[in-house]
Amino acid sequence: MSLKRKKSAGTDSLIVPVARPPLTIMLFFLLFFLLAETALISIDLFYLFAQNGTVSGFLSDVALESVIIVGLTVLAYFAVRRIMVTVIRSERRFRELADALPQAVFEAGADGRLVYGNKVALDWFGYTEEELAEGDLNAIDMVAPSERGRAAANLAKLFAGDLVVPRTYSTRRKDGSIFPVILSSNPIKVQGRIVGFRGVLTDISEQKRVEAVIRQSEKKYRELADSLPEG
């Protein structure tokens, strides 16, 4: 999403673009109107020639039917448009909130293909929005090769409803480097059917580094204590 800047009184202000439904929605309703109008005109022509109708009657029927169809089409369009605008705004708020988090947020299909990743997720793993949009990125491939079997097994448990606790994984960036994370995830259900999963990743590299320092310090302390002549 891009934000345009407008200068006002010597300062810059952000202008949030208005949410609009896709142009295909309007084209759909236009096509619907044309098909309905064509069908009704065909019926009127049939009555005009087959039933010995009058031209004035034909024209009045076409005008009345056109007004009704236009009215219904416009009402239906604005009803659907309002629903879509609400959905678009809700999705935009979700994306803006997700991009503001310090954790990586993602969504994937049931086959593991990623369909969404916030800015932090893309930065951590070194991918672009264009690469994500291509649909070739898989969540399992983001896990270190040595842990992919465990990740796939845990994913199956998640879909079966048997796994709800956070898990620790070693994940792999695009350049091949490895870093540890804690993953919390939940299945995505549509009408009771699991269609994918979403999750949050927390980078625990610093925590692991501190733990390694503590273990090293404990090791040195034990070695020093074992070397003393006193008990």
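Readers should treat all values here as calculations from the given coordinates under stated rules, not as data from a laboratory. Small disclaimer: the values here were computed from a predicted structure and weren't measured. Cβ atoms come from the backbone with ideal geometry, glycine included; neighbour counts cover every protein chain shown.
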Cross-link pairs LYS119/LYS189; LYS119/LYS157; LYS157/LYS220 - those with Cα-Cα distance over 31 Å: LYS157/LYS220
Residue by residue through region 209-217, which ³J(HN,Hα) values in whole Hz follow from phi under the Karplus form 6.51 cos²θ - 1.76 cosθ + 1.60 (θ = phi - 60°), with glycine and proline marked x? 5, 5, 4, 5, 4, 5, 4, 5, 5
Taking every other residue with Cβ under 13 Å from the Cβ of ASN154 and scoring Lys and Arg +1, Asp and Glu -1, one gets +2
Would you pull out the residues with amide H under 5 Å of VAL115's amide H, same chain only if 5 or more places away, H placed 1.01 Å from N? GLU107, ALA108, GLY109
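If you average 1/r over every pair of different alpha-carbon atoms in region 89-231 and take one over that average, what Kirkwood value in Å do you get?
Details: mean 1/r = 0.0585 Å⁻¹.
Value: 17.1 Å, from the Cα pair sum.
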Over its alpha-carbon atoms, region 111-191 yields an Rg and a Dmax in Å of 12.9, 39
In Hz, Karplus ³J(HN,Hα) per residue of region 77-85 (6.51, -1.76, 1.60; θ = phi - 60°; x = Gly, Pro): 4, 5, 5, 5, 4, 5, 5, 5, 4
Using Cα positions and a limit of under 15 Å, work out the aspartates and glutamates in reach of LYS219, with same-chain residues fewer than 8 apart set aside. GLU211
